[in-house]
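A short write-up of the structure that comes next.
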Amino acid sequence: MYAFDFERPSTVADAVAALSAEDAQALSGGQTLIPTLKQRLASPSKLVSLGGIAELQGITSDGDAVTIGAGTTHAAVAADGSIPALSALAGNIGDPAVRNRGTIGGSLANNDPAACYPSAALGLGATIVTNAREIVADDFFQGLFTTALDEGEIITAVRFPKPQAANYQKFEQPASRFALVGVFVAKGADGVRVAVTGASEDGVFRWSEAEAALGSNFSAGALDGMAPPADGMISDLHGSAAYRANLVGVMTRRAVAAAG
Amino acid sequence: MATISMVVNGRQMSGEAEGRTLLSSFLRDALGLTGTHVGCDTGQCGACVVHVNGDAVKSCNMLAMEADGAEVATIEGQAAPDGTLNAIQAAFQEYHGLQCGFCTPGMVMSAAALLKEIPKPSEAEIRKYLSGNLCRCTGYHNIVRAIMAASGQDVAVAAE
Amino acid sequence: MPMDGGIGASTKRREDVRFLTGAGNYTDDINVNGQAYVAFLRSDVAHGKIKSVDTSDAAGMPGVIRIFTGADFEGIGGLPCGWQVTDRHGEPMQEPAHPVLAQGKVRHVGDPIAAVVAETLEQAKDAAEAIEVDLEELPAVVDMKAALVDGAVKVHDDLTSNLCYDWGFVEENRDAVDQAIKSAAHVTTLELRNQRLVANPMEPRVAIGDFNRATGESTLYTTSQNPHVIRLLMGAFVLGIPEHKLRVVAPDVGGGFGSKIFHYAEEAFCTFAAKAINRPVKWTASRSEAFLSDAQGRDHVTKIELALDADNNFTAIRTETYANMGAYLSTFAPSVPTWLHGTLMAGNYKTPVIYVNVKAVFTNTVPVDAYRGAGRPEATFQLERVIDKAARELGVDPIALRRQNFVTEFPYATPVAVEYDTGDYNGTMDALERMIDRDGFAARRAASEAKGKLRGLGINCYIEACGIAPSQLVGQLGARAGLYESATVRVNATGGIVVMTGSHSHGQGHETTFPQVIAEMIGIDASMVEIEHGDTQNTPMGMGTYGSRSIAVGGSAMVRAAEKIIAKAKKIAAHLMEAAEADVELKDGQFSVAGTDKSVAWGDVCLAAYVPHNYPLEEIEPGLEETAFYDPSNFTYPAGAYSCEVEVDPETGKVEICSFAAADDFGNIINPMIVDGQVHGGIGQGIGQALLENCVYDDQGQLLSASFMDYAMPRADDVPFYEVDHSSRTPCTHNPLGVKGCGEAGAIGSPPSVVNAVIDALQSGGHDVDHIDMPVSPSRVWAAMNNA
């Protein structure tokens, strides 16, 4: 690792101020950032830990929505259960030790194309709340490792509408256990949303053909034989684009069937 | 450099750390607790698992300063002061759940976290819980048996 | 019923206590006062000409003590290769230089160009990044067959081509095999790749060099399976340090699986640099560095043909293999595809003629050498896969076809130059069949099909040659080392015993099992015996641990030394009891005289040896310490039968292992618990190879699977419980313990049954798939099922 300064503020306001320094970077759970630093692939001048900020912690379930503080760990979301599909997803990220450190805000801000949480945020139609504004998930994810966040902007919470039915199915990349393909299906007041992670060269996306088919008939059978085109799918040593396209179809059908 | 302190295995300890000092390095180099091992640099292998404020974490994936003021438990604090192995350690020896011993500290610490969360885990729950702890020697067979035994369960495997 | 703590007892491991309490002493746990840290600048291209290395900026950076480049090692020996293969035409293999730091060219990603020694590791890394290397990138040679095309870019400019050797075995059989295949009733052909693997012991390599100016002695602490071998190779061939001025210490070592046999550049560097700067120098590999610098394993491309007569008897085997050596010859690399592979091509079967051709090839990749099994998994995989394919083609039962062709009379001289001393292949197959409920398979398959899954059952046999090895034989085959083992048994005055062995334990449990043998021989409690190993300063010259040799060769040396001890102790006891030596018996730690009530305890005899007041000094010396060197007269030949049952998800291609069973014949067994554990671990690695692990380079020689994020290590939830059976025992006929060696069996025996099971599953679903290369990953299974 390159040397950096370290700050651990206790309020969002202090964190934002600390992040105004040139090349300062926020540190949440660090489960992706620290390995990146070890490889010397990033050289922040300062790391601003968000781990000491009480207002980023916690889960509140309030009528139609669940709001999760950005600093809430995967383990805490897994244990919550307000949205069972979301908790199940969180409970299957990485491994127990990773889940005790990794946070929902960190995962969404990083927007790894194979991470699980982006598909939940997009699939449930979540709203990402920052220190400055609110961003709907459809606008938030902007390609690999790219989001709508501005420099120095911090996610403070994520607000999920409660679905009528939802499920996440993940087919794991055998080495990293990230999603080779993960599909989050949610049926809500505004219809059906299908969000796919791990598969596309452009990061998490909504599979609109499947949403249309499921909108009129929410059953796995409605997707018989369907798979998105292989064009634009990731092809690597773990699977070809065609294989990933197939998996999107399979995992979507399984998610619909499990969502009930 | 700054001085940070933490309660490690019940003892107040302090040492010097930079911002970039990992908790694993702090334990090994500053505090001389070399039982915590580092087997990878991507957070996969789990040889470095310790407990921070009661939760299992990968100490090579956490900055030491993030643990400033915390309660930390490592492999060195698992046996009784007179050296008597705890139930998990004793089961690992009884069921030959270790060979080269390098992954063992992390395995024992993960197993301890598991049994706190699920006192009598099934075979599948044990295997799933250990997905962040790599062992290259045992094929996991005797590790799983040891954890079943440590949780007071019948270690029913056809082939002994 | 075995004696408590003696041979055959599942004694719990004494070394566990320190490992379970964080009190192990691994190399990285060692810190020498005043130590500096080294960071290597490694090539990020696979092939390139070094035009210049400018260290001037880096040298002035904070904490930098000294920077070394290839120029510092001019005139110093390169890393030696310990085995010379002679090719089909009687010519020696091509053997390139392997400098400690690159000179003139880099030949694989990770090849070290320079090394910075600094006060801290981070300072060393900072300075290494500041070194300016002017590198002219050259086209990389990655594919073995392309590497052998005329005009291919050469990895080593001073060699005639990228061909290390073209080996034929047994060359005189070549025509007979061709004829037998031409005239066969049936020939089954299979082309396959035995993929490259990374050993990945959980402990990364570490080296600490230390130099004592007052004594002129160098010390190297290193993660090694064989410290004496490192002392000899590094001392004699690289740095020119005589053995009495060089101490090599391999303390607790966190697994090796072959990858810690070899002498590595970092060891030589730290030893050299410590003297150059007169300070201890420490290097600890990161896992990422291990992927680019530990010798890798396997990487064979093979075509095998099995000929059968009209009655399904095997009549000939012909196999052609391209074996990847990587960019340089690692210590024992040339022996792996030849003498550890060709000699095993007969398997468990009587096949009259066999011809093995191996072309070893240099490429711009990390060097390849022995990894658990080393050549024997490659031989077993191709043979057991082609037999399975033949059974399918012929419509015969795969177990029946194997049984029909088993070697049943021993000793058996194979057509590939080895003699199996003993075995019972029907016995291990019987044991396997008792475990696997083959009759119930149809019902299990139907149950899987009801869930939409395809179920398959795979069987295979294996044999291996281990207990490596007879020195004179391997000398004829090209080994530049002897492969005996040594032991000193030191009995203390009060009867306690220390055994100093040249074998090295890095997980095998020698500290527990070796005392079991001594305890049994003398009839004392095993707690009276301690084992010392791993330090050249207090152990006799030994060759270390690999090739499943510790108990067969090292244990035999210990038995020989203990026999000398007992013989001398009997002389002393005879004197004390005023009896004839021939009448003295040793039982349960008591010497007695047959037919009398005279006896003297073990401890009293030991005391007399060191307090020789009443002692036959005119006949024997005082003291009770003996050394023996044991050189085996043959390999040992463990063998077995394995099976695997899988379920395949046809929608995703994912393979789940439902059950795995292994029946092995290891001859006599010292500690059944430890032997079972060795087999479990081997099976885990074999399943890893079959389903998960794959070391992949792109066309430019960049390693794509360079961390655990992309190199799939088997995890606890990837594998089932294993059923193992070691009841079939045909003791080895030529070592004193009748033992065979068990360390590699699981890794050798398990991959074919997994793949055989997957093919069986796919065939049952109507898919005309007769082979999938390992790893049989979900994407590959799906592609095979969908012709994608």
Report task. Of the DSSP beta bridges with both residues in the stretch A:1-77, give the percent that are antiparallel, rounding to the nearest 5. Result -> 35 percent
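Could you work out [θ]222 nm for chain A from helices alone, using -39500 (n - 2.57) per DSSP H run of at least four and dividing by all its residues? Round to the nearest 500 deg cm²/dmol.
Using -39500 (n - 2.57) per qualifying helix, the result is -8000 deg cm²/dmol.
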Query raised in the report: Hey, with R₀ at 45 Å, roughly what FRET efficiency would C:Leu704 and C:Ala400 work out to, going by the Cβ-Cβ distance, to 0.05?
Result: 0.60
Report summary line: Along the dipole axis of the protein assembly as shown (charges at Cβ: +1 for Lys and Arg, -1 for Asp and Glu; origin at the Cα centre), the most positive-end residue among B:Ser122, A:Gln173, C:Ile620 is B:Ser122
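Give me the net charge of C:Ile497's neighbourhood, meaning all other residues with Cβ under 12 Å from the Cβ of C:Ile497; Lys, Arg count +1, Asp, Glu -1. Could the numbers behind the result be given before it?
Numbers: positive: C:Arg490; negative: C:Asp525, C:Glu530, C:Glu532, C:Glu625, C:Glu626.
In short, -4.
Across the residues of C:10-19, average count of Cβ atoms on other protein chains within 10 Å?
Values: counts 2, 0, 5, 6, 1, 5, 12, 5, 2, 14.
Per residue, the number of nearby Cβ atoms from other chains is 5 on average.
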**Report entry** Karplus (6.51, -1.76, 1.60) ³J(HN,Hα), θ = phi - 60°, over the stretch C:626-632, in Hz, Gly and Pro reported as x
**Finding:** 9, 10, 9, 10, 10, 10, x
Query - Three semi-axes of the equivalent ellipsoid, chain A, Cα gyration tensor, whole Å, largest first - result: 31, 21, 15
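How large is the helix-only mean residue ellipticity at 222 nm for chain C, computed as the sum of -39500 (n - 2.57) over DSSP H runs with n ≥ 4, divided by its residue count, in deg cm²/dmol to the nearest 500? Write down the numbers at each step before the final one.
Details: 19 runs with 202 residues, N = 788.
Per the formula, -7500 deg cm²/dmol.
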**Report entry** Efficiency of FRET from Cβ geometry, C:Ala567 and C:Val769, R₀ 56 Å, rounded to 0.05
**Finding:** 0.35
Query raised in the report: Using helices alone, what [θ] at 222 nm do you get for chain B, with -39,500 (n - 2.57) per DSSP H run of 4 or more residues, divided over all residues and rounded to the nearest 500?
Result: -7000 deg cm²/dmol
Query - Size of electric dipole in chain C: Cβ of Lys, Arg +1 and of Asp, Glu -1, about Cα centre, debye, nearest 20 - result: 160 debye
Query raised in the report: Around B:Ala30, what is the net charge, scoring Lys/Arg as +1 and Asp/Glu as -1 over all other residues with Cβ under 11 Å from its Cβ?
Result: -2
**Report entry** Shielding of C:673-682 by partner chains, average beta-carbon count, 10 Å
**Finding:** 5
Query raised in the report: Among C:Val177, C:Val187, C:Met202, which residue has its Cα positioned farthest towards the positive end of the charge dipole of the stretch C:167-209, with +1 placed on the Cβ of Lys and Arg, -1 on the Cβ of Asp and Glu, and the dipole taken about the Cα centre?
Result: C:Met202
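Order of C:Glu449, C:Glu267 from fewest to most other C-beta atoms within 10 Å?
With the sparsest Cβ surroundings first, the list reads C:Glu449, C:Glu267.
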Query raised in the report: In whole Å, what is the distance between the alpha-carbon centres of the stretch C:471-550 and the stretch C:63-87?
Result: 31 Å
Query raised in the report: How far is the Cα center of the stretch C:743-788 from the Cα center of the stretch C:211-255, in Å?
Result: 45 Å
Report summary line: Residues of the stretch A:219-260 with backbone N under 15 Å of the label point set 7 Å from the Cα of A:Asp138 along Cα→Cβ are none
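Among C:457-468, A:230-241, what's the highest-first ranking by average C-beta atoms within 10 angstrom per residue? Show your work: numbers first, answer last.
Details: C:457-468: 27.8, A:230-241: 18.4.
Taking the mean over residues of other Cβ atoms within 10 Å, the ranking is C:457-468, A:230-241.
So for the protein assembly as shown, considering every pair of alpha-carbon atoms, how many percent are separated by more than 58 Å?
Numbers: 107481 of 729028 pairs.
Considering the protein assembly as shown, 15 percent of its Cα-Cα pairs are separated by more than 58 Å.
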**Report entry** Stretch gain in nm, segment C:Thr120-C:Gln103, where the contour uses 0.36 nm per residue and the Cα spacing is subtracted
**Finding:** 3.5 nm
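Quantify how strongly other chains surround peptide A:49-58 by giving the mean number of their Cβ atoms within 10 Å of each of its Cβ atoms. Walk me through the intermediate numbers first.
Numbers: counts 4, 0, 4, 2, 0, 0, 0, 0, 0, 0.
Per-residue shielding by partner chains comes out at 1.
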Query - trypsin sites (Lys or Arg not before Pro), loop per DSSP, at most 14 other Cβ atoms within 10 Å - longest free stretch of chain C - result: C:452-788
Query raised in the report: Hey, what do the phi angles of the stretch C:308-325 turn into as Karplus ³J(HN,Hα) couplings, whole Hz, using 6.51/-1.76/1.60 and θ = phi - 60°, x for Gly and Pro?
Result: 10, 8, 5, 9, 6, 7, 5, 10, 6, 10, 10, 9, 10, 10, 9, 10, 7, 8
Query - Among A:Val16, A:Ile34, A:Pro44 the positive-end extreme of the charge dipole of the stretch A:5-49 (Cβ point charges) - result: A:Ile34
**Report entry** Per-selection metrics, the stretch B:87-150 (Cα): Rg and Dmax in Å
**Finding:** 10.1, 28
Query raised in the report: So what is the orientation-averaged projected area of the stretch B:2-77, using the convex hull of its C-alpha atoms, in nm²?
Result: 4.2 nm²
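May I ask you to order C:552-558, A:4-10 by the average number of other C-beta atoms within 10 Å around their residues, highest value first?
On the way: C:552-558: 29.4, A:4-10: 17.9.
Top to bottom by mean Cβ count within 10 Å: C:552-558, A:4-10.
If packing is taken as the average number of other Cβ atoms within 10 Å across a peptide's residues, how do C:419-426, A:137-144, A:193-200 rank, most packed first?
On the way: C:419-426: 20.2, A:137-144: 17.6, A:193-200: 28.1.
Ranked from most to least packed, the peptides come out as A:193-200, C:419-426, A:137-144.
Provide the net charge surrounding A:Ser49, with neighbours chosen by a C-beta distance below 15 Å and charges set as Lys +1, Arg +1, Asp -1, Glu -1. Working shown, then result.
Details: positive: A:Arg8, A:Lys46, A:Arg101, B:Arg20; negative: A:Asp5, A:Glu7, A:Asp14, A:Glu55, B:Glu18, B:Glu66, B:Asp68.
Net local charge, A:Ser49 excluded: -3.
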Query raised in the report: Considering only DSSP beta bridges with both partners in the protein assembly as shown, what is the antiparallel share in %, to the nearest 5?
Result: 80 percent
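Read-outs: derived from the displayed coordinates by stated rules, not from any lab. Everything numeric in this text was worked out from a predicted model, so none of it was measured. In this analysis, Cβ positions are derived from the backbone assuming ideal geometry, glycine residues included, and neighbour counts consider all displayed protein chains.
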